[in-house]
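In what follows, a structure is listed as structure tokens, so that the remarks can point back to it.
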Amino acid sequence: MSERLDGTVALVTGASSGIGEATARALAEQGAVVVLVARRKDRLEQLSEALSQKGRRSLVIEADVTDKAQAEDAVKRTVAELGRLDTLVNNAGVMLLGPIVDAPMDEWERMLSINQLGLLYTSHAALPYLIAAAESSKRRVADLVNVSSVAGRVARAGSGVYNMTKFGVVAFSESLRQELIERHVRVSVVEPGAVATELSSHMRAEVREQGLKRFENVETLQAEDIADAIQYIVTRSRRIAINEMLIRPTEQA
């Protein structure tokens, strides 16, 4: 059974493009006030204006979630200005594939910072407010959704450190889920396969070309497909928890 999100507040990281932007739009359509968090303020403002034209309310917060203080401040500002936090979608991430041998160490550090530390910082800051929302809100439930990847389920040569970061997201999500069962803060992990977003544009050219060849005969997912899945998760009745959702293109091996 689906329940709308009227009267709730949802914070989405990495909201300036791709899955984050599509998720913010989807949650706004369900009635949530959406908090748009990312580094590219101009993109966030464009999205906020588009939502406003549809009668949807949003809050723009320019922040780099790999900076603990900025991540914490984004959550605190959300609650200070909107009075609550019911849903957190940890979407911000980066995929820098390539062989482990002779890899640029800065790529590894960047993935660890965004895919793991950024997610941990926002989760840690948000949990007290999510617990409070589950205790006192009309819906009596709150949601924390972590966007992992099929790479968090299947390891492949050429993506070892990315695999490590995403396997870690899955493990963290499951442990936290068990911890919060009786408090009705649902923790879910979404694992997309190949999605047509800006993610691959961050890779070195030679690595990106290899990836394009791998998926040249695959009709990739769209960001809206993953947003639809996240919307489904957070609009379930209080008695229903979608713990894990793996979503691949039909043609992806």
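Before moving on, here are some points about what is shown:
- Only one entry in Ala194, Ala171 is of a type in the set (Gly, Ala, Ser), more than 15 Å from the chain's Cα centre (by Cα) and within 19 Å of Ile226 (Cα to Cα), namely Ala194.
- Of the strands (runs of 3 or more DSSP E) entirely within the stretch 6-91, those holding at least 1 residues that are within 14 Å of the chain's Cα centre (by Cα) and within 15 Å of Asp143 (Cβ to Cβ) occupy 9-13, 33-38, 87-90.
- Criterion (buried (at least 16 other Cβ atoms within 10 Å of the Cβ), in contact with a His (Cβ under 7 Å, 6 or more places away or on another chain) and not charged (D, E, K, R)) met by exactly one of Val141, Val189, Val234: Val141
- Hits in the stretch 99-124 (condition: buried (at least 20 other Cβ atoms within 10 Å of the Cβ), of a type in the set (Gly, Ala, Ser) and over 17 Å from Ser175 (Cα atoms)): Gly118
- Scanning the stretch 118-162 for residues that are among the charged types (D, E, K, R) and without any contact (Cβ under 8 Å) to a residue 24 or more places away in the chain yields a total of 1.
- Selection of the stretch 198-236 for residues being assigned to a helix (DSSP H, G or I), over 23 Å from Leu88 (Cβ atoms) and not charged (D, E, K, R) yields Ser200, Ser201, His202, Ala205, Val207, Gln210, Gly211, Leu212.
- Residues that are out of contact with any Phe, Trp or Tyr (no Cβ under 6 Å at 6 or more places or on another chain), buried (at least 24 other Cβ atoms within 10 Å of the Cβ) and more than 16 Å from Thr13 (Cβ to Cβ) occur at least once in the stretch 146-166.
- Checking Asp106, Asp67, Asp102, Asp73 one by one, the residue that is farther than 28 Å from Arg236 by Cβ and at pLDDT below 95 is Asp102 and no other.
- Conditions (1) in contact with a His (Cβ under 9 Å, 6 or more places away or on another chain); (2) assigned to a helix (DSSP H, G or I): number failed by Met95: (2)
- Count of the stretch 167-187 residues which are outside any helix (DSSP H, G or I) and either closer than 13 Å to Asn243 by Cβ or among the basic types (Lys, Arg) (or both): 3
The values are calculated or read from the model by the stated rules, or taken from the named source; none is laboratory data. Because the structure is a prediction, the values reported are computed rather than measured. Here Cβ is always computed from backbone atoms with ideal geometry, including for glycine, and neighbour counts include all displayed protein chains.
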